[in-house]
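The values are calculated or read from the model by the stated rules, or taken from the named source; none is laboratory data. None of these values were measured; they are calculated from a predicted model. Note that we place each Cβ from the backbone using ideal geometry, even for glycine, and neighbour counts take in every protein chain shown. For the accessible areas, the whole protein counts, side chains as well, though only heavy atoms, and no ligand, DNA or RNA atoms are used. Shrake-Rupley method; radii C 1.70, N 1.55, O 1.52, S 1.80 Å.
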Amino acid sequence: MVFQGIGASVRRKEDVRFLSGKGNYTDDINRPGQLYAYIQRSDRPHATIDSIDIAAASAAPGVVKVFVGADIVEAGLGGIPCGWQIHNQDGSPMAEPMHPVIAVGKVRHVGDPVAVVIAETRQDAKNAAELLEITYTDLPAVANLTDAVKPGAGEVHDGVAGNICYDWAIGDKSVIDGVFASAHKVVKLDLINNRLIPNAMEPRVALGDFDTSSGDWTLYTTSQNPHVIRLLMGAFVLHIPENKLRVVAPDVGGGFGSKIYHYAEEAIVTWAAGKLRRPVKWTADRSESFMSDAHGRDHVSTAEMAIDKEGHFLGLRITTLANMGAYLSTFAPAVPTYLYATLLAGVYKTPVIYCNVKAVFTNTVPVDAYRGAGRPEATYLLERLVDVIAMETGIDKVELRRKNFIGVDAFPYQTPVALQYDSGDYQTTLKVALKNADWDGFEARRAEAKKRGKLRGIGISTYVEACGIAPSAVVGSLGARAGLYEVAEIRVHPTGSVTVFTGTHSHGQGHETTFAQLVVDQLGVPFDQIEIVHGDTAKIPFGMGTYGSRSLPVGGSAMVKAMDKVIAKGKKIAAHLMEAAVEDIEFKDNTFTVAGTDKSKTLTDISLAAYVPHNYPIEELEPGLDETAFYDPKNFTFPGGCHIAELEVDPETGVVEMINFTAVDDVGRVINPMIVEGQVQGGVAQGIGQALMEACIYDSSGQLLSGSYMDYTMPRANDIPNLSVATENTMCTHNPLGSKGCGEVGAIGSPPAVINAVVDALKDYGVRHLDMPATGAKLWSIIQAAPSSGNAPAMAAE
Amino acid sequence: MYDFAYQKPGSLADAVKVLSGDMEAKALAGGQTLIPVLKQRLNKPATVVDLSALGLTGITVSGGVITIGAMTRHADIASNADIKAKIPGLAHQASLIGDEAVRHRGTMGGSLANNDPAACYPSALLALGGTIKTDRRTIAADDFFQGMFTTALEQGEIITSIDLPIPEKSAYEKFRNPASRYAIVGVFVAKFANGVRLAITGASQDGVFRHTEMEKALSANFSPDAIAGIVTPADGLNGDIHASSEYRAHLIGVISKRAVAKAA
Ligand SMILES: Cc1cc2nc3c(=O)[nH]c(=O)nc-3n(C[C@H](O)[C@H](O)[C@H](O)COP(=O)(O)OP(=O)(O)OC[C@H]3O[C@@H](n4cnc5c(N)ncnc54)[C@H](O)[C@@H]3O)c2cc1C
């Protein structure tokens, strides 16, 4: 039999469905009598809504109903809740302005919903929307962080002074200032983490359904976490109890974080379905996605490192402005605080760290977690700063990193910013990456490139991240309004096949394969007799979904626990059937054996007995073989590693060509090496996208300039070089699998490696730093402005 | 997309009749520009007239001229043996347009009629000194383009074919917009016995144009060095979030040199 347990690169069984067009996505679902919603969105960044005349639209062909903000006020709908509360330095809670599902009185970003037209067809709804007469009075808009915090700037929300959502800090200011006062040297860097638009391949869709006989609502939605949506929407927005509300997230075509959050459209279609007693579907078109999916990143920071004579890091002091957009999205406040500032130790022993974060409202689309969420921002800041330190001290950049690494014997390692790393070996991932990238041979390659008129650069990033989120009590103390455990139910059927119900959600990650491998491994059930079910609150226990690389370390651990329970119960049944003591029963390879004898029963014998309990210890044991376990992690997990980028810049045009990319990551126990490789590849592609191409651009008035693929540069296959991906793993010490998670490492580790390589390529031009994305246009103007050169470097003498 | 009537006439005369009689009718070729425009509701034709049944496809060589039917697709131009041998710059240019799907729908006639300032073919037509044939007349390349998205075509006038003189040498170099992959600067250079023509697309606010200073220098000496010193002023060039007018002006120099190097 082919090995399909832990460690096998089993082909993804879901791919047959996806690649042959047999996926069942939300937009594939249609309900009898279905209506279509079109959302009229604001084309103003900031304005009062003076009037909305819906008469003509309401009378248009096919139109069933037009809803505006006043209707949701009248119906008593709640605002979209925020799932995380941060406190200011002075102890007061963050500003949490109302986020209505349809704008009431004011619009605050281009894309804010103003009216909803519901009609028999999508075409009817769109036609009618053009007949809406909306009058606005424009208000001063703030489109970016620097403008929003200027004195006298327009205010996004009345009563939120200076647009500050919160002013938060970690670390002791007086201690860090003391470190800086006596330091040998201070290296300072201002940097921007560019705003990104997630761009999942499948746009968001929501279909609300109402069963007039039962009075139950169902929402089909493109979500990474159906239970979270049910909780937030049911309890806070629509006031529907859980038993009356089912949320289904079927096949979902990518999320990257953007499908975690509870969005207005979900509440609108669910509520409207109840009001109109007919199903209502909304499908985003791509342009709508650009202006309504939560964006990512968008930080402006100043970072300073105090160092001693030898280059040891003594203290890190940071101030960051983080863009929240116009409203607080579900997890937005957590991203620049507990997912960012707590990661600022990185892989280094820096003893003292202080970080002040001001979260800022602007007249832009809400910003929330996007693949990596806070950790890419921390890693980029740190790894850029380390390179600048190397540049300014003359210490070799690899040596500088090595010298400051947390040693392999220092684990568990308590950082000065709350986290305790359980395991890691940064020297090893570095060593292997340097070898795989042929770091030592680089100067020869640079010289060869120079002969061709190209500027070759190499860049490195050594990183750690915190994922597998998260211990509920810990995140609760940090402001989370949710628990972050995970749940699994293992249902062994009478003939020994297995269905797994998991609270995580797969939107491209391949859980149907990986999770089945866990069952193969632990229960010995053949791969093709295992089914994974997720994404339906009517089927699965209350789970928290998928984000923060948590599915395997948290969701998988819940499965292990549930399978332990199955085995424990199975042993009791086996003991009864084989007339042995429970303590003498062993389970291995799908078989229960009485230790030291040849008496055995297969799992199928046991499951059959459990469901046909004729000969069964019915007095002390319930029938059935169906176990549920909740697993609350003891700590975050800490994947880490080393990424190395090698590229060439064409000095005549400024254009960067990626040549090589090497990743050596520590992701803990690997269940399916092929899937891990794919996850890292995808993450690195996104990281290269952020570093070289992607930029969400608003003009100063708040209009979105990069609002389509004509202007927003997504990385394409031929922008990505061949990726050398390897793992050097240390085990997570606190979960039963030893797995750390691999979903985000690629996007976290790679951007600074790429920018470090660009800066290295431009070293003859005196470039100290440049902000992402490193487009040809940007590099060309940097090269032009460089004091040391004309247009091109001297070609090597032929 | 708004509702519209769809017609697929079987003769050129019928097509012209529908298009001329109705100011709100639009010709449909490959649909790679028109359909996205309709989907965004930026255009509201009452009737869409599909040109695909008019027999306007095909590539023929005769004398010193290659004639390309207006409805010939980019993919067919890119892979045509005669074009590859005789106007390699054009085959290469067609291969750089959009992606496979676009190249298997989009047509040369559609692209030229549309005259997007960032489109590729206008530079080939102008640099090769080609001629547009329509249902009613012929129009020289130099007279055809009249600023961005504007051509000499009259309401209802249909391009039927394009005549392109075969040059001694030709090349197209494209500096792509990183997002859309249209041209930020596209340079088509064609060397004929009696001189060199070089046309630039993507860069100017007025659409495609001939760089006469470079043409003169190259006619005297067909080498990249001949134009190395020519500075193109940034005035009148496009500037956007991808490239300032100064960057475009600079790229005109770089990309032109590369086009010449490739052709020479
Ligand atoms: C993703 C994408 C990428 C692209 N990238 C590029 C690129 O890199 N470079 C580039 O040059 N182009 C690019 N294009 C545009 C593409 O080349 C189109 O095919 C072309 O611009 C229009 O040709 P069409 O046959 O599709 O015309 P259609 O879209 O059908 O028509 C375009 C216009 O021309 C009119 N028209 C069409 N045929 C005729 C005719 N025979 N006579 C008179 N009027 C006519 C139509 O009425 C319409 O107004 C891209 C398009 C897409 C979708």
**Asked** Which one of the conditions (1) within 14 Å of chain B (Cβ to nearest Cβ); (2) touching a residue at least 24 places away in the same chain (Cβ under 8 Å) does A:MET710 fail to meet, given that it meets all the rest?
**Response** (2)
**Request:** Within the stretch A:540-598, track down each residue that is without any contact (Cβ under 8 Å) to a residue 12 or more places away in the chain and under 30 Å from A:LEU484 (Cα atoms).
**Result:** A:ALA568
**Item:** Pair list, Cβ under 6 Å, 6 or more apart: the stretch B:104-118 residue within 14 Å of chain A (Cβ to nearest Cβ), other residue open to solvent by 20 Å² or more (accessible area, probe 1.4 Å) and more than 7 Å from the ligand (Cβ to nearest atom)
**Value:** B:PRO117/B:MET148
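For B:GLN7, indicate whether it is closer than 28 Å to A:ALA125 by Cβ and within 14 Å of another protein chain (Cβ to nearest Cβ). Explain how you work it out, then say what you get.
On the way: closer than 28 Å to A:ALA125 by Cβ: yes; within 14 Å of another protein chain (Cβ to nearest Cβ): no.
No: the conditions fail for B:GLN7.
Name the one entry in A:PHE592, A:PHE661 that is crowded, with 22+ Cβ neighbours inside 10 Å, assigned by TED's automatic domain parsing to the domain that holds A:ILE490 and not aliphatic (A, V, I, L, M).
Details: A:PHE661 fails: assigned by TED's automatic domain parsing to the domain that holds A:ILE490.
Just one listed residue meets the conditions, A:PHE592.
Among the residues of the stretch A:374-391, are any over 30 Å from A:TYR698 (Cβ atoms), assigned to a strand (DSSP E or B) and at pLDDT 95 or above?
At the first step, the residues of the stretch A:374-391 found to be over 30 Å from A:TYR698 (Cβ atoms) are A:386, A:389-391.
Adding the requirement that they be assigned to a strand (DSSP E or B) leaves none.
Within the stretch A:374-391 (the criterion being over 30 Å from A:TYR698 (Cβ atoms), assigned to a strand (DSSP E or B) and at pLDDT 95 or above), the answer is no, since none of the residues qualifies.
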**Prompt:** On the given criteria, is A:GLU512 free of Cβ contacts under 8 Å to residues at least 40 places away in the same chain and not hydrophobic (A, V, I, L, M, F, W, C)?
**Reply:** no
**Fill in**
Note: among A:LEU692, A:LEU705, just one is free of Cβ contacts under 8 Å to residues at least 12 places away in the same chain and either open to solvent by 10 Å² or more (accessible area, probe 1.4 Å) or closer than 30 Å to A:ARG108 by Cβ (or both), namely A:LEU705
**Asked** Is it true that B:THR160 is of a type in the set (Ser, Thr, Tyr), within 15 Å of the ligand (Cβ to nearest atom), assigned by TED's automatic domain parsing to the domain that holds B:ILE77 and in contact with a strand residue (DSSP E or B) (Cβ under 6 Å, 6 or more places away or on another chain)?
**Response** yes
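Taking the options A:VAL533, A:VAL554, name whichever one is of a type outside the set (D, E, K, R) and buried (at least 17 other Cβ atoms within 10 Å of the Cβ).
Numbers: A:VAL533 fails: buried (at least 17 other Cβ atoms within 10 Å of the Cβ).
Going through A:VAL533, A:VAL554 in turn, the sole match is A:VAL554.
Here's the yes/no breakdown for (1) in contact with a strand residue (DSSP E or B) (Cβ under 8 Å, 6 or more places away or on another chain); (2) in contact (Cβ under 8 Å) with a residue 40 or more places away in the chain:
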residue	(1), (2)
A:SER700	no, yes
A:PRO715	no, no
A:CYS742	yes, yes
A:GLY766	no, no
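Just one of B:THR232, B:THR201 is modelled with pLDDT of 95 or more, open to solvent by less than 10 Å² (accessible area, probe 1.4 Å) and polar (S, T, N, Q); which is it?
Details: B:THR232 fails: open to solvent by less than 10 Å² (accessible area, probe 1.4 Å).
Sole residue among the options that is modelled with pLDDT of 95 or more, open to solvent by less than 10 Å² (accessible area, probe 1.4 Å) and polar (S, T, N, Q): B:THR201.
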**Prompt:** If you go through the stretch A:298-342, how many residues are of a type in the set (Asp, Glu) and in a strand (DSSP E or B)?
**Reply:** 1
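Which strands (runs of 3 or more DSSP E) does the stretch B:34-128 wholly contain that include 2 or more residues that are within 11 Å of the ligand (Cβ to nearest atom)? Even if it seems obvious, please write down each step before you answer.
On the way: elements: B:47-50, B:59-62, B:65-69.
Answer list for the stretch B:34-128: B:47-50.
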**Item:** Subset of the stretch A:158-171 [touching a strand residue (DSSP E or B) at 6+ places or on another chain (Cβ under 8 Å), in a loop (DSSP other than H, G, I, E, B) and either modelled with pLDDT under 95 or surrounded by 18 or more Cβ atoms within 10 Å (Cβ to Cβ) (or both)]
**Value:** A:GLY171
**Request:** Give me the pairs, please: first residue somewhere in the stretch B:83-99 and under 20 Å from B:ALA264 (Cα atoms), second residue anywhere and open to solvent by 40 Å² or more (accessible area, probe 1.4 Å) and more than 14 Å from the ligand (Cβ to nearest atom), beta-carbon distance under 6 Å, and either six or more positions apart or on two chains.
**Result:** B:LYS86/B:ILE166; B:ALA91/B:LYS84
**Prompt:** Any residue in the stretch B:208-231 that is within 22 Å of the chain's Cα centre (by Cα), in a loop (DSSP other than H, G, I, E, B), away from the ligand (no atom under 15 Å from the Cβ) and not hydroxyl-bearing (Ser, Thr, Tyr)?
**Reply:** yes
**Request:** Filter the stretch B:175-193 down to the residues that are within 12 Å of chain A (Cβ to nearest Cβ) and touching a Phe, Trp or Tyr at 6+ places or on another chain (Cβ under 9 Å), then identify the one that is most open to solvent (accessible area, probe 1.4 Å).
**Result:** B:ARG176
**Message:** Being closer than 26 Å to A:LYS275 by Cβ and free of Cβ contacts under 8 Å to residues at least 24 places away in the same chain is the filter here; which residues of the stretch A:77-106 pass it?
**Reply:** A:MET98
**Request:** Only residues that are open to solvent by 10 Å² or more (accessible area, probe 1.4 Å) and farther than 17 Å from A:LEU419 by Cβ: list them for the stretch A:631-647, please.
**Result:** A:TYR631, A:ASP632
